[in-house]
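Where a number appears in this text, it was derived from the coordinates with a stated rule and is not lab data. Predicted, not measured: the structure shown is a model, and the values here were computed from it. Note that we place each Cβ from the backbone using ideal geometry, even for glycine, and neighbour counts take in every protein chain shown.
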Amino acid sequence: MGETLGRNRGKPYAGASCSLHHRASFWRPMALVAAAITMAFGAAGARGQSTNAKDLGAGKLLVSSRGLSDPSFVKSVVLLVQYDSQGTVGLMINRRTKAPLSSIVQDLNIAKHGSDPIYIGGPVELNTVLGLTRSAKKPDGATSVLSDVYLVSSKELLEKTLAASSGPEEVRLYVGYCGWAPGQLENEMRLGGWWIFNGSAALVFDPNPDSVWPRLIARTEEQIATNLAAARLP
């Protein structure tokens, strides 16, 4: 526990997410739907949703499509915290567990946060602990992800952040993460596996994380229905 993201940077992320390129036959119908929507209405939809891989970047949210059946990613919402030439790293923000921090994190001084829930950040390196903190000011040593949201990866900074925060509305800890090799996520986008949304602190720290995926996927479907109805007008 307590490994830093920096120590994992540069490692290949191959196999870290569902390898949709090995299941093209399963995904072709979903890919055709995504392609049709893109051609007819453009890649970017209302409220920031997109199916265009060019819109990927740190601070974006990946919302799994209904057709994504990999059990590790079904109904998942992933905040991208790293997107560069080395690959892509993200944290699932809607996988809250019933396990308290005190039962999972053994070598970290969590003090008053022992009863806070732990989150599953993804299927990669489940012995790694990462944190997200919500702050109007950038904490020293943290990495900016989006406005008021920062990634905390070192043991020292995790303990400092926990000591200074009041609860899950300000800091959340994740075991594991999601990872993609260079080009892998872009391929999954072409196959229709994900929607892209603009991230926000309110969504990342939503008090009811289980509701985030249903709400966001409903917005994509509402937009598709609106666009299809408009296209049928004389």
Pairs to check: 75/98; 60/98; 54/155; 60/155. Give those whose C-alpha atoms are more than 30 Å from each other in this structure.
-> 54/155
Please report how far the C-alpha centroid of region 141-202 lies from that of region 99-125, rounded to the nearest whole angstrom.
-> 16
Filter the GluC sites (Glu not before Pro) in region 165-211 to those in DSSP coil with at most 16 other Cβ atoms within 10 Å of their Cβ, and list the result.
-> 169, 170
May I ask you to evaluate 6.51 cos²θ - 1.76 cosθ + 1.60, the Karplus curve with θ = phi - 60°, for each residue of region 184-198 and list the ³J(HN,Hα) values in order in whole Hz, giving x for glycine and proline?
-> 5, 5, 4, 5, 5, 4, 5, 7, x, x, 9, 9, 10, 10, 5
Extending each Cα 7 Å along its Cβ direction at residue 147 and residue 228, get the distance between those two points in nm, one decimal.
-> 3.4
Taking a point 7 angstrom from the Cα of residue 202 along the C-beta vector, which residues in region 147-182 have backbone N less than 16 Å away?
-> 147-149
If amide H atoms are built 1.01 Å from N in the plane of the peptide, which residues on other chains or at least 5 residues away come under 5 Å of the amide H of residue 145?
-> 150, 151
